[in-house]
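Note sheet for the following structure.
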Amino acid sequence: MTQAARFVVFGEALTDFIRQPDGQWRAVAGGACWNVARVAARLGVPTGYAGSVSTDVFGQELYALTREAGLDMRFTQQVAKAPLLAMVTSTTPPDYFFIGDDSADLHFDPTRLPPDWLDEVQVLHFGCISLAREPLAPRLLQVAREASRAGRKIAFDPNWRKLMDNPGYRPLLRELLSLSHYVKVSDEDLGRLFAGDPTPLATLQALAPQAEILLTLGGQGMQWIKDGQVLRQPAYAVQVIDTVGCGDASMGGWIASLLRQPQAPAIAHLQCAAAAAALSAARAGAYAATWDEVQALIATGSSH
């Protein structure tokens, strides 16, 4: 029996349609928030994915894979609406658009969450396009507000996408940052979120004063930042197959480490984040590593 979730991830699950060099399309189950949930569960943390998927072939695959990942299925909803699709026309450079004007993800209903679900949960995660899509975004923000008032910790990965380039997203971004205890952001996201700002990291810190920040720098590794302290972690040396899902793996690895070994120093959590990302990069697609795999890579100490 699946343990009650200590970590719940709110946001989108979707199907990526990736254009291949021969012009064919390959359908892959994905979504940033769904990936984070799968990573944490694979790392041994009781996790729930709180989102809504369709009842068609795409939604059924997502639902089945959610169950297969060992996630707490009480949090995952299915509705008879169209699937959310991401059409990835190019991976290098990234180019994509979304299809889903009245899709299943927008019909997630927080009132259908399990009774007393907040009693067990320690950390709630939010992020990516779910926070830029109406009417879902304000519902998720309200969940974050209520959880914060109940003393739960909030994790946030803005994960910038084109949909966020609109005025309506800015107030939500600021409020969620103010509620957050853990913020993961890539150097690219930072530049997009605060375009034209000469000191985007300082701005982020000012908007999220209580948060620990995980700044990912691609092949240059990552940094943990809090109250003027900065810890640096080089990227672990692996044969890179692709970087799909690396950011989600680092987020899931970070939070899983915090929940599994809460007394460990910040550098231990940073190493888990980096190792989870590296192991994802070493496999095709959004690979979710096990705790033993992560610890084995950390033990090698092999970094760039």
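The table for this structure:
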{"quantity": "Estimated 222 nm signal from helices in the chain, with DSSP H stretches of n ≥ 4 weighted -39500 (n - 2.57), rounded to 500", "calculated": "-10500 deg cm²/dmol"}
{"quantity": "Lysine pair count for the chain [Cα-Cα under 25 Å; pairs on different chains or 8 or more apart]", "calculated": "5"}
{"quantity": "P(r) histogram, all alpha-carbon pairs of region 127-257 included - 10 Å bins from 0, percent", "calculated": "11, 43, 35, 10, 0"}
{"quantity": "Relative exposure of 9, 121, judged by other C-beta atoms within 10 Å (fewest first)", "calculated": "121, 9"}
{"quantity": "DSSP-defined beta bridges in the chain - what % are antiparallel, rounded to 5", "calculated": "45 percent"}
{"quantity": "For the chain, convex hull volume per residue from C-alpha positions, Å³", "calculated": "130 Å³"}
{"quantity": "Local net charge near residue 294, Cβ-Cβ under 12 Å (Lys/Arg +1, Asp/Glu -1)", "calculated": "0"}
{"quantity": "D_trans [Stokes-Einstein, Kirkwood Rh over alpha-carbon pairs] for region 1-103, 4 °C, 1.567 mPa s, µm² s⁻¹", "calculated": "92 µm²/s"}
{"quantity": "Ranked 111, 15, 290, criterion: other C-beta atoms within 10 Å, fewest first", "calculated": "111, 290, 15"}
{"quantity": "For the chain: relative contact order, % (alpha-carbon pairs under 8 angstrom, 6 or more apart)", "calculated": "15 percent"}
{"quantity": "Ranked 14, 84, criterion: other C-beta atoms within 10 Å, fewest first", "calculated": "84, 14"}
{"quantity": "Helix runs (DSSP H) in the chain reaching 18 Å along axis by Cα, Kyte-Doolittle at least -0.5", "calculated": "136-149, 246-260, 266-281"}
{"quantity": "Among 214, 141, 231, residue whose mean-square fluctuation peaks in a GNM of the chain (springs only between Cα atoms under 10 Å)", "calculated": "231"}
{"quantity": "Rg(Cα)/(2.2 N^0.38 Å) for region 61-142, N = residue count", "calculated": "1.25"}
{"quantity": "Shape box of region 112-175 [Cα atoms, principal axes, largest first, Å]", "calculated": "36, 21, 16"}
{"quantity": "Part-to-part distance (alpha-carbon centres) for region 67-133 and region 16-47, which is given in Å", "calculated": "12 Å"}
{"quantity": "Net dipole in debye of region 7-300 [+1 Lys, Arg Cβ; -1 Asp, Glu Cβ; about Cα centre; nearest 20]", "calculated": "380 debye"}
{"quantity": "Gyration tensor verdict on region 38-93 (Cα atoms; rounded if a/c is under 1.5, prolate if a/b is larger than b/c, oblate otherwise)", "calculated": "oblate"}
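FYI, it's all coordinate maths here, none of it is from the lab. Fair warning: this is a prediction, and the values are worked out from it, not measured in the lab. All Cβ positions, glycine included, derive from the backbone under ideal geometry; neighbour counts span all protein chains shown.
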